[in-house]
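Below you'll find the structure, written out as structure tokens, and then a few comments.
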Amino acid sequence: MPAPGLPLWLKLAFTLWVVVWATSYARVLGWQNFLWLCDLASFLILVALWTESRLLMSAQWLAVMVVGVLWALDVGVALATGVHPIGGTEYMFNAARPLAFRLLSLFHLLLPLVAGYGVWRLGYDRRGLGWQVALTWAVLPLSYVATDAERNINWVQGPFGQPQASLDPLVYLAGLMLAWPVVLYLPVHVLTLALGRRRRP
């Protein structure tokens with residue numbers, strides 16, 4: 001098993017990244033954007049790095065792993081074909097915003113790498129699933145009541161970045177709160193536990 005602890009260079013580099021990214025996002029997009037669960041994960045991973053919290057790092061590993069893969073898939077396919085198979089990353093191709101600013105969203109690729117490394121070094125805490133579900137169940141209703149509907153933060157107004165009208169908004173929100181942990185967190189939790197068992201001597 002690798003020795004516990006996280007390198008100082010990683011903590012400093014990630015801190016610098018968060019300062020640059022958060023300052024830029026706050027100036028251009030405003031505070032509402034930080035309610036995105038992936039944006040919150042950036043701050044929570046930063047705390048987990050400095051405190052070397054196995055629980056917090058494990059929870060954020062669940063938050064960013066599948067999201068990062070799906071984000072990369074959508075952007076990659078759109079670059080190659082012009083079609084977004086999932087949706088939600090159309091802003092990456094919006095020429096109205098400077099390219100340098102759009103490239104800041106590459107943090108979706110960075111977070112799974114940092115969180116995955118953190119879990120590999122510190123170990124996985126199975127309680128992270130409950131903590132991340134609790135955080136999600138707090139943030140999704142808050143996103144619904146406290147953010148502009150047209151921004152569709154955390155897709156609380158409709159899936160894949162598009163508004164929906166098929167269901168009552170509160171019924172849809174309740175379904176989203178159930179689907180988010182089952183679709184995004186539980187598979188990573190199960191896979192991580194399985195890989196952890198294989199690593200044990």
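What's the number of the condition Leu193 fails, among (1) out of contact with any helix residue (DSSP H, G or I) (no Cβ under 6 Å at 6 or more places or on another chain); (2) open to solvent by 70 Å² or more (accessible area, probe 1.4 Å); (3) in contact (Cβ under 8 Å) with a residue 40 or more places away in the chain? Unmet condition: (2).
Every residue in the range 149-158 that is open to solvent by less than 50 Å² (accessible area, probe 1.4 Å) and either in contact (Cβ under 8 Å) with a residue 12 or more places away in the chain or more than 18 Å from Asp39 (Cβ to Cβ) (or both), please. Within the range 149-158, Ile153, Asn154, Val156, Gln157, Gly158 qualify.
Evaluate the following for Ala59: is it under 23 Å from Ala179 (Cα atoms), under 19 Å from the mean Cα position of the chain (by Cα) and either crowded, with 22+ Cβ neighbours inside 10 Å or of a type in the set (S, T, N, Q) (or both)? It is true that Ala59 is under 23 Å from Ala179 (Cα atoms), under 19 Å from the mean Cα position of the chain (by Cα) and either crowded, with 22+ Cβ neighbours inside 10 Å or of a type in the set (S, T, N, Q) (or both).
For the range 128-148, the set of residues classified as over 15 Å from Phe34 (Cα atoms), out of contact with any Lys or Arg (no Cβ under 9 Å at 6 or more places or on another chain) and either open to solvent by less than 10 Å² (accessible area, probe 1.4 Å) or touching a residue at least 12 places away in the same chain (Cβ under 8 Å) (or both) consists of Leu129, Trp131, Gln132, Val133, Trp137, listed by residue number. Of the residues screened, Asp74 is not one that is on the phi < 0 side of the Ramachandran plot, surrounded by fewer than 18 Cβ atoms within 10 Å (Cβ to Cβ) and among the acidic types (Asp, Glu).
Of all the numbered requirements in (1) open to solvent by less than 50 Å² (accessible area, probe 1.4 Å); (2) not in a loop (DSSP other than H, G, I, E, B), Leu12 misses one, and that requirement is (1). Looking only at residues of the range 102-121 that are open to solvent by 30 Å² or more (accessible area, probe 1.4 Å) and more than 13 Å from Ala13 (Cβ to Cβ), we find that the one that is nearest to the chain's Cα centre (by Cα) is Leu109. Residues that are open to solvent by 40 Å² or more (accessible area, probe 1.4 Å), β-branched (Val, Ile, Thr) and under 18 Å from the mean Cα position of the chain (by Cα) within the range 159-189 comprise Val182, Val183, listed in sequence order. List the pairs whose first member sits in the range 24-48 and is farther than 22 Å from Trp180 by Cα, whose second member is modelled with pLDDT of 95 or more and aliphatic (A, V, I, L, M), and whose Cβ atoms are under 7 Å apart, counting only residues at least 6 apart or on separate chains? Note: pairs meeting the criteria are Leu46/Val18; Val47/Leu56; Ala48/Leu56; Ala48/Met57. A single member of Ala26, Ala41 is buried (at least 17 other Cβ atoms within 10 Å of the Cβ) and of a type in the set (Gly, Ala, Ser), and it is Ala41.
Does Trp21 satisfy being open to solvent by 60 Å² or more (accessible area, probe 1.4 Å) and part of a helix (DSSP H, G or I)? In short, no. Do we have any residue at all in the range 85-93 that's modelled with pLDDT of 95 or more and either under 14 Å from the mean Cα position of the chain (by Cα) or open to solvent by 70 Å² or more (accessible area, probe 1.4 Å) (or both)? No, the range 85-93 contains no residue that is modelled with pLDDT of 95 or more and either under 14 Å from the mean Cα position of the chain (by Cα) or open to solvent by 70 Å² or more (accessible area, probe 1.4 Å) (or both).
The values are calculated or read from the model by the stated rules, or taken from the named source; none is laboratory data. Model, not experiment: these values are computed from the prediction. No Cβ is skipped: glycine too gets one built from the backbone with ideal geometry, and neighbour counts run over all protein chains shown. With ligands, DNA and RNA removed, areas are computed over all heavy atoms of the protein, side chains included. Shrake-Rupley method; radii C 1.70, N 1.55, O 1.52, S 1.80 Å.
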